[in-house]
Amino acid sequence: MVTTVTNLGRSGLSDWMIQRISAWVMTAYLVFIIGYFIANPNLDYAQWAELNSLLPMRMFSLITMLSIAAHAWIGLWCVLTDYITVRLIGPKATAIRIFFQLGMIAVTLLYVLWAIDILWGI
Amino acid sequence: MLNVSIYRYNPEVDAEPYMQDFQFDTQGKDIMVLDVLEKLKTEDPTLVFRRSCREGVCGSDGMNISGKNGLACVTPLSEAVVKNKLVIRPLPGLPVIRDLVIDMGQFYAQYEKIQPYMINNSPAPAIERLQSPEERAKLDGLYECILCACCSTACPSFWWNPDKFIGPSGLLQAYRFLADSRDTATEERLANLDDPFSVFRCHGIMNCVQVCPKGLNPTKAIGHIRNMLINSAT
């Protein structure tokens, strides 16, 4: 058992499951948005604003945003723990990795809060 | 004449590794890569590599042959020579001791982690612990692993984290004991694997399946372990 504290889900299985579920949510959102654009070729701002002011649409957008955040957190955490390691770049690796991990987490959370502000500001 | 290029490195003499070129007369025969190495060693006794059974059973002569990991003793030249050239390097990702000999310590440490032995604390029966033919069949494709390390050293996840990711070979063995009806430590074994590295660093690229000289499928075994973890944790 390898101990980790900066991954999202605390266990390998939960990270794996979050990664798969978030991928399905993002796929569903993408299919919906593309389908909506195809179904509404003459889309104007008023119609677009009306769609995004509906509570179910806001919820869908927010769940998608959370999925993107979770997916990015897990994916980037894997990349950072693959390449910024003591084995590969020496003893400074741990400090550098923590810096990038915390930076990645902070940026991800800021994007989520920003998205909430945008969605509920429409 | 066949052009043979071999990775050479003797840390006591060489500042850094280099490739040494040899000319080899195959006499038109499709011999094994190990035969080539044995012949070249008679010409240059300083060439070092591991070998033992010379028939794909002991797993000693795993090496990188023209870019693909495999056993020199069961790899014919017809599969290994590209444009009349044979390139032989040590298995990638583990420290080189000398020439084609690598330090397998990290590989064995991961194997040891998965407790590669049957755990059953119930009193042993008079003769043996019986299995049905169906239960025994579950071990097919698992017990045949010879620990040659061709798979784990072909896996990028193992290259980056050989101290944390168990690797395809160790995980194939882990599932061999998880699938064994006589083993009673299933929950304990699963609990030891449920972290972001041990199993889940496998991203399913299947390099292990491509190179396994015994035709085994570690990726499939890893999928079974993941399903067992899901069954036990949801």
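The values are calculated or read from the model by the stated rules, or taken from the named source; none is laboratory data. On a predicted model such as this, the values are computed, not experimentally measured, just so you know. Cβ sites come from the backbone with ideal geometry, for glycine too, and all protein chains shown count toward neighbours.
How many residues are surrounded by fewer than 16 Cβ atoms within 10 Å (Cβ to Cβ) and either touching a helix residue (DSSP H, G or I) at 6+ places or on another chain (Cβ under 7 Å) or assigned to a loop (DSSP other than H, G, I, E, B) (or both) when one looks only at region B:81-91? Can you show your working first?
So in region B:81-91, the residues surrounded by fewer than 16 Cβ atoms within 10 Å (Cβ to Cβ) come out as B:82-85.
After this cut, where a residue has to be either touching a helix residue (DSSP H, G or I) at 6+ places or on another chain (Cβ under 7 Å) or assigned to a loop (DSSP other than H, G, I, E, B) (or both) as well, the list is B:83-84.
Adding up the residues that qualify gives 2.
Kindly list, by first and then second residue, each pair from a residue in region B:149-161 that is more than 14 Å from every other protein chain (Cβ to nearest Cβ) and free of Cβ contacts under 8 Å to residues at least 60 places away in the same chain to a residue that is in a helix (DSSP H, G or I) and among the hydroxyl-bearing types (Ser, Thr, Tyr), limited to pairs with Cβ atoms under 6 Å and residues at least 6 apart or on different chains.
Qualifying pairs under 6 Å: B:Ser152/B:Ser169.
Would you confirm whether or not region B:116-137 contains a residue that is modelled with pLDDT of 95 or more and crowded, with 18+ Cβ neighbours inside 10 Å?
Scanning region B:116-137, I find no residue that is modelled with pLDDT of 95 or more and crowded, with 18+ Cβ neighbours inside 10 Å, so the answer is no.
From A:Val25, A:Val31, which residue is within 29 Å of B:His224 (Cβ to Cβ) and free of Cβ contacts under 8 Å to residues at least 60 places away in the same chain?
Answer to the check: A:Val25.
Limited to region B:138-168, what total is found for residues that are surrounded by fewer than 24 Cβ atoms within 10 Å (Cβ to Cβ) and at positive phi?
Of the residues in region B:138-168, 2 are surrounded by fewer than 24 Cβ atoms within 10 Å (Cβ to Cβ) and at positive phi.
Got at least one residue in region B:103-110 being outside any loop (DSSP other than H, G, I, E, B), among the aliphatic types (A, V, I, L, M), in contact (Cβ under 8 Å) with a residue 12 or more places away in the chain and within 14 Å of chain A (Cβ to nearest Cβ)?
Within region B:103-110 (the criterion being outside any loop (DSSP other than H, G, I, E, B), among the aliphatic types (A, V, I, L, M), in contact (Cβ under 8 Å) with a residue 12 or more places away in the chain and within 14 Å of chain A (Cβ to nearest Cβ)), the answer is yes, since at least one residue qualifies.
This table checks each residue for (1) out of contact with any Lys or Arg (no Cβ under 9 Å at 6 or more places or on another chain); (2) surrounded by 14 or more Cβ atoms within 10 Å (Cβ to Cβ); (3) not in a loop (DSSP other than H, G, I, E, B).
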| position | (1), (2), (3) |
| --- | --- |
| B:Pro11 | no, no, no |
| B:Asp14 | no, no, no |
| B:Asp21 | yes, no, yes |
| B:Thr26 | yes, yes, no |
| B:Lys41 | yes, yes, yes |
| B:Arg50 | yes, yes, no |
| B:Cys58 | no, yes, no |
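Conditions: (1) away from chain A (no Cβ under 14 Å); (2) in contact with a helix residue (DSSP H, G or I) (Cβ under 6 Å, 6 or more places away or on another chain); (3) modelled with pLDDT under 95. B:Asp195 meets all but one. Number of the miss?
The number of the failed condition is (1).
As an exercise: evaluate B:Pro45 against (1) loosely packed, with under 14 Cβ neighbours inside 10 Å; (2) part of a helix (DSSP H, G or I) and give the number of the one condition it does not meet.
It fails just one condition, (2).
Does region B:171-194 include one or more residues that are touching a strand residue (DSSP E or B) at 6+ places or on another chain (Cβ under 8 Å) and without any contact (Cβ under 8 Å) to a residue 60 or more places away in the chain?
Here is the first cut: in region B:171-194, the residues touching a strand residue (DSSP E or B) at 6+ places or on another chain (Cβ under 8 Å) are none.
No, because not a single residue in region B:171-194 is touching a strand residue (DSSP E or B) at 6+ places or on another chain (Cβ under 8 Å) and without any contact (Cβ under 8 Å) to a residue 60 or more places away in the chain.
Could you list all residues from region A:80-94 that are out of contact with any Pro (no Cβ under 9 Å at 6 or more places or on another chain) and either in a loop (DSSP other than H, G, I, E, B) or over 25 Å from A:Ala69 (Cβ atoms) (or both)? Even if it seems obvious, please write down each step before you answer.
Just the residues of region A:80-94 that are out of contact with any Pro (no Cβ under 9 Å at 6 or more places or on another chain), to begin with: A:80, A:83-86, A:88-94.
Scanning region A:80-94 gives A:Ile84, A:Thr85, A:Val86, A:Leu88, A:Ile89, A:Gly90, A:Pro91, A:Lys92, A:Ala93.
Answer yes if at least one residue in region A:99-121 is assigned to a helix (DSSP H, G or I), closer than 30 Å to B:Val199 by Cα and within 14 Å of chain B (Cβ to nearest Cβ), and no otherwise.
So far as region A:99-121 goes, yes, one or more of its residues are assigned to a helix (DSSP H, G or I), closer than 30 Å to B:Val199 by Cα and within 14 Å of chain B (Cβ to nearest Cβ).
Kindly indicate which of A:Trp24, A:Trp77, A:Trp73 is out of contact with any Phe, Trp or Tyr (no Cβ under 8 Å at 6 or more places or on another chain) and more than 14 Å from every other protein chain (Cβ to nearest Cβ).
Only one candidate qualifies: A:Trp24.
Given the conditions (1) among the aliphatic types (A, V, I, L, M); (2) under 17 Å from the mean Cα position of the chain (by Cα); (3) over 25 Å from A:Leu88 (Cβ atoms), which single one is not true for B:Ile127?
(2)
I need the full set of residues from region B:198-224 which are closer than 26 Å to A:Thr3 by Cα, in contact with a Lys or Arg (Cβ under 9 Å, 6 or more places away or on another chain) and more than 8 Å from chain A (Cβ to nearest Cβ), in order please.
B:Cys202, B:Ala221
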